[in-house]
Amino acid sequence: MKNIPLIIALLVLSVSCSRYPSEVKRTLCFAGGNKVELERVLERYKKSGEEDKYMAACFLIGNMGGRGSKDGPALRKYYRELLSFYDRPVVDMWSLYAFEDSLFNTLDFSRLEMYYDARNISASYLEKRIADAFSVRDVKWCRDLSFEDFCEYVLPYRVGDELLEDWFSDYRNTFGLALDSLALDDSVTLEDFCGAVTSLFPEPHRNYTNYPAGKPSPAPSSLKRIAGGTCEDYLGLFTYIGRSYGVPVATDYTPQWANHSKNHSWCGIPSGDSTFHYSVGEPLFLAREKPFSFKLAKVYRRMNSIQKESLGARVRPENLPPTLRSQRIRDVSAEYMPVTDVSLSGLFRDSRSKHVFLCCFDDKDWVAVAGDRRRGAKALIADMGYPAVYLPAYYADGALAPAQYPVLVDSSAVQHILRPDTGRLRTVRLKRKFMDLRARQFADMMKGGRFELADNAYFRNAMAIDLPDSIGYNFQTLEIGGGRYRYVRYVPKPGTTGDISEIEVYCTDEPYTKLKGKTIGNYRCADMQHPMSNASDGDALTYATCMKSQTDAWTGVDLGKSVSVDKICFLPRSDDNFLRGGEEYELCYWDGRWVSLGRQTGDRWSQELVFDNVPDNALLLLHNLTRGKEERIFTYKEGRQIWW
């Protein structure tokens, strides 16, 4: 029979695999010709009687499924150019970003090939990785870990889809002088260690956001010279450093902030019954005690082993939103924040989906962050962060569809359904289209400062106006009411950076006419990105800044001659999301989709919009139809916008 050799080969393969755990068997069957390399590792530890190392090998091999490196000419060129860049005499964040912007215009990462670990990894690489991990098994941060946690957080050889390298030896050789003694000293705390790591990278943690689609995770050898990058880059950097010194490091992330656009990832460090979160360049925080800048709705941990309780392991991928398809994620929300179960009832009918998902708003669209199987018209989604607004949704045919009206979970974990009441209409007065912490922080930075007006360049006998604590985040007006002056300046509070976006001066002879002038002052800017001229360039997104050590700082305008001044208008450092004169806005409310309540043009002086006939109990969204991208959902209560 022609098929006898094939049958014999299959029988041999079946027998040879049968002595291993089921997960390992699957990998060996997938490995093809590389099966012999993987078995060499398994048999070495089996024969030597090193059971812990054998189990470690089983863990790594059994969880290789689908994991690998992306590679190709474009990626290799990128790393050659990047290493050449880092060999320059002067390397900083701004030059790196300019370099990468220009380089990425010529590279196409869409054609990279996937090289699966199971079919390519060598026995020697796995054996060295296992030996390296066990060499730090007795370091203080590692010695009390369970074997399971050791395998998950110290043993793994990769972070994402990066090229495989011997990062353990590389990082120990590179950073050993600064870190070796710390790992051996039992009196050194985890906070001390993280602080030492941060000191190795003097550039601040800055996010670079222009990476092209398809770019793989950075190679470990490039990360150790980092001058700026994404959160994922800094996460990878500390993962390699930490694991090189026995620190258990996990990748924790939120698929979408509850009250801001985008997602975020960071290093989670399990320690006893606690979890710390850390990124290079930032302090080490205990997860539940130190909040993030934005609100968390859900936190997941990327695991190296398949998590059987995850949605990705229980539901076919085509029936799940992309954010929830991974089989290797574990819900760790309760380690980071107070959580509550969101109970849904009265779900809309949809025969296409057996599951319902809770979604957060990302400034434009709804993004699924959690979900579970529904039971008829009801569902229960566990461990959700609050306060927050969630949209229940179904997922079918590659798209989300509303499953119920939005659910507002307030600060007491009480749930409210935001079903618009079109029988109860009211008037709303709107000040902004978007809000996060920065706008208020920028305004607060000007507290304690003052404006001065004088007819001489030395500001002798100047008129001084102290700024109130109630500074707003839009254009602020100081009424002068006459008096002739040539010079106007802003004097920040000593010890601050003096951030200010715009200074405008208006005369009494021609009301509401802005006077032209020349920028003056003595601001010294450390990075040259925010010179004094920014305070009079008409761009709300640029700003002037000085060094905190400059106690005599000031900047202002020389009007060229003495004129009668009616008012000074100034804008704190700004995100440019207040209401602008001459720009067109549209207010919408959610009723299964965004329904328009009409359009209006902004007014320069009132800086607010008034809309009548707005349904009560509605979730609202204000579009700027002229320009800008940032928009945020809000409710309206007691005369003000409540942002979500």
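The values are calculated or read from the model by the stated rules, or taken from the named source; none is laboratory data. Keep in mind that this is a model prediction, so the values were computed, not measured. Here the Cβ positions follow ideal geometry from the backbone for every residue, glycine too, while neighbour counts run over all protein chains shown. Accessible surface is based on the protein model in full, side chains and every heavy atom, while ligands, DNA and RNA are left aside. Shrake-Rupley method; radii C 1.70, N 1.55, O 1.52, S 1.80 Å.
A compact table of results
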quantity: Equivalent ellipsoid semi-axes, the range 199-335, via Cα gyration tensor eigenvalues times 5, rooted, Å; calculated: 24, 18, 16
quantity: The range 322-390 - Rg over Rh from alpha carbon coordinates, Kirkwood radius; calculated: 0.96
quantity: Candidate lysines - alpha carbon under 16 Å from Lys548, same-chain residues fewer than 8 apart omitted; calculated: Lys447, Lys493
quantity: Relative compactness, the range 387-442, computed as alpha-carbon Rg over 2.2 N^0.38 Å; calculated: 1.53
quantity: Cα gyration tensor shape of the range 464-548, rounded if a/c is under 1.5, else prolate or oblate by comparing a/b with b/c; calculated: prolate
quantity: Sites matching trypsin sites (Lys or Arg not before Pro) across the range 476-564 that sit in DSSP coil, with at most 10 neighbouring C-beta atoms within 10 Å; calculated: Lys516
quantity: Where Rh is the Kirkwood radius over Cα pairs, Rg/Rh for the range 17-167; calculated: 1.07
quantity: Candidate values [x] 105, 65, 49; [y] 80, 69, 45; [z] 90, 57, 48, label of the one derived for Cα extents along the principal axes in Å; calculated: [x]
quantity: Projected label distance in nm at Thr106 and Val595, using a 7 Å step from Cα toward the beta-carbon; calculated: 5.5 nm
quantity: Listed pairs Lys70/Lys215; Lys433/Lys629; Lys516/Lys561; Lys431/Lys637; Lys262/Lys433 exceeding 19 Å between Cα atoms; calculated: none
quantity: Cα pair distances of the range 536-610 binned at 10 Å [whole percent]; calculated: 13, 30, 29, 17, 9, 3
quantity: Spatial separation of Cα centroids for the range 311-331 and the range 243-279, in angstrom; calculated: 20 Å
quantity: Neighbour net charge for Ser574 - beta-carbon separation under 10 angstrom, K R +1, D E -1; calculated: -3
quantity: Charge sum, other residues only, whose C-beta stays under 11 Å from Tyr211's C-beta, Lys/Arg counted +1 and Asp/Glu -1; calculated: -3
quantity: Rg to Rh, two decimals, where the range 145-227 supplies the alpha carbon set and Rh follows Kirkwood; calculated: 0.99
quantity: Mean residue ellipticity (222 nm) of the chain, computed from DSSP H runs ≥ 4 via -39,500 (n - 2.57), nearest 500; calculated: -7500 deg cm²/dmol
quantity: Fraction of alpha-carbon pairs over 28 Å apart in the range 502-644 - percent; calculated: 38 percent
quantity: Qualifying lysines (Cα of each under 16 Å from Cα of Lys378; at least 8 residues distant if same chain); calculated: Lys354
quantity: Arg316 paired with Trp605, simple spin-label distance in nm, labels 7 Å along Cα-to-beta-carbon; calculated: 6.5 nm
quantity: Solvent-accessible area of Arg80 with every protein chain in place, 1.4 Å probe, in Å² to the nearest 10; calculated: 150 Å²
quantity: Cβ-defined net charge surrounding Asn522, 13 Å radius [Lys, Arg +1; Asp, Glu -1]; calculated: +1
quantity: Reciprocal mean inverse distance between Cα atoms of the range 349-501 - Kirkwood radius, Å; calculated: 20.6 Å
quantity: Placed amide H near Leu597: partners under 5 Å, 5+ positions off or other chain; calculated: Leu587, Cys588, Tyr589
quantity: Qualifying lysines (Cα of each under 21 Å from Cα of Lys128; at least 8 residues distant if same chain); calculated: Lys35, Lys46, Lys47, Lys53, Lys224
quantity: Euclidean distance between Cα centres, the range 200-218 to the range 591-644, Å; calculated: 35 Å
quantity: Trp554 accessible area, 1.4 Å probe, all protein chains in place, Å² to nearest 10; calculated: 50 Å²
quantity: Equivalent ellipsoid semi-axes - Cα gyration tensor, the range 76-131, angstrom; calculated: 31, 18, 8
quantity: Inverse mean reciprocal Cα-Cα distance (Kirkwood Rh) of the range 304-422, Å; calculated: 14.7 Å
quantity: Degrees separating the helix 35-48 axis from the principal Cα axis of the chain, which is the longest one; calculated: 70 degrees
quantity: Order of exposure, largest accessible area first, which applies to Lys215, Lys447 with probe 1.4 Å; calculated: Lys447, Lys215
quantity: Folded to 0 to 90 degrees: helix 51-62 orientation relative to the chain principal axis, Cα; calculated: 60 degrees
quantity: Amide H partners (placed H, <5 Å) of Gln307, local residues excluded; calculated: Arg328, Ile329
quantity: Neighbour cut-off at most 10 other Cβ (10 Å), DSSP loop, trypsin sites (Lys or Arg not before Pro), the range 336-377; calculated: Arg349, Arg352
